[in-house]
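The values are calculated or read from the model by the stated rules, or taken from the named source; none is laboratory data. Owing to the predicted nature of the structure, the values given are computational and were not obtained by experimental measurement. Using ideal geometry, Cβ is built from the backbone for each residue, glycine included, and neighbour counts are taken over all protein chains shown.
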């Protein structure tokens, strides 16, 4: 199938062992970018993606943030789906003893109650620094402005994250998508969105390219629907077994420049 547009996940897929873009990846994407759009698609916030766009020289392209919760074209939102503050409030009440960390994200704002171990680690990984503000204050402000969270991240010891997952699943399982990216993490988004819904929106409203002419790269559970639906779904070798099983093609691992290797072999 023709590859007329590329969508790539970031963490675990596009970055090397240092969680950076390798020179090989940069050169291969720069080689094709003027004829084939390359779109970054991630659970990250915009500013944690834009510096990668700059390195790849694709800053004029749209980006899909928060696993599809926010789509930016020319740095402006064309689609936004968020979790309402009343749900955040109930989660915060459940965590009244602060057994786990709660990060709140809206557009390019990232709020943490304190710079603890989890906030520092995430800041180091994404090269973005959060704003320290009490969760109750964020909830109050968001209620006043009628906005909510594009993503909630719960981080902490596995036992406490298990408890948080069970609470969210039992109370909001029909509204929220809960994704355990690690045993110590829960990434929370609105259930109505996904990477696939975001791709469909961009293909129909911005690019006018059929999904059959799309190639996408991923590694994790939240990439499965996307990889199954596009014309060519490519999993990196380090992908979850379930992701490898549904992929049309398997390339080298993310740490071994799997995306760049596939592009060099298949996109001339």
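Take the residues in the range 91-123 that are in contact with a helix residue (DSSP H, G or I) (Cβ under 7 Å, 6 or more places away or on another chain) and over 13 Å from residue 153 (Cβ atoms); name whichever of them is surrounded by the most Cβ atoms within 10 Å (Cβ to Cβ). This residue is 92.
The range 3-120 holds helices (runs of 4 or more DSSP H) entirely within its bounds, and those carrying 2 or more residues that are within 26 Å of residue 244 (Cα to Cα) map to 23-32, 47-56. Scanning the range 201-218 finds one or more residues that are in the same structural domain as residue 9 (by TED's automatic domain parsing), farther than 30 Å from residue 164 by Cα, modelled with pLDDT under 95 and in a loop (DSSP other than H, G, I, E, B).
A quick yes/no check of all residues on (1) outside any helix (DSSP H, G or I); (2) touching a strand residue (DSSP E or B) at 6+ places or on another chain (Cβ under 6 Å); (3) at negative phi:
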| position | (1), (2), (3) |
| --- | --- |
| 165 | no, yes, yes |
| 227 | no, yes, yes |
| 242 | no, no, yes |
| 250 | yes, yes, yes |
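Would you please name the residue that is modelled with the lowest pLDDT, looking only at residues in the range 181-200 that are touching a strand residue (DSSP E or B) at 6+ places or on another chain (Cβ under 6 Å) and surrounded by fewer than 17 Cβ atoms within 10 Å (Cβ to Cβ)? Filtering first and then ranking leaves 181. Being at pLDDT 95 or above, out of contact with any helix residue (DSSP H, G or I) (no Cβ under 6 Å at 6 or more places or on another chain), crowded, with 19+ Cβ neighbours inside 10 Å and on the phi < 0 side of the Ramachandran plot holds for only one residue in 41, 10, and it is 10.
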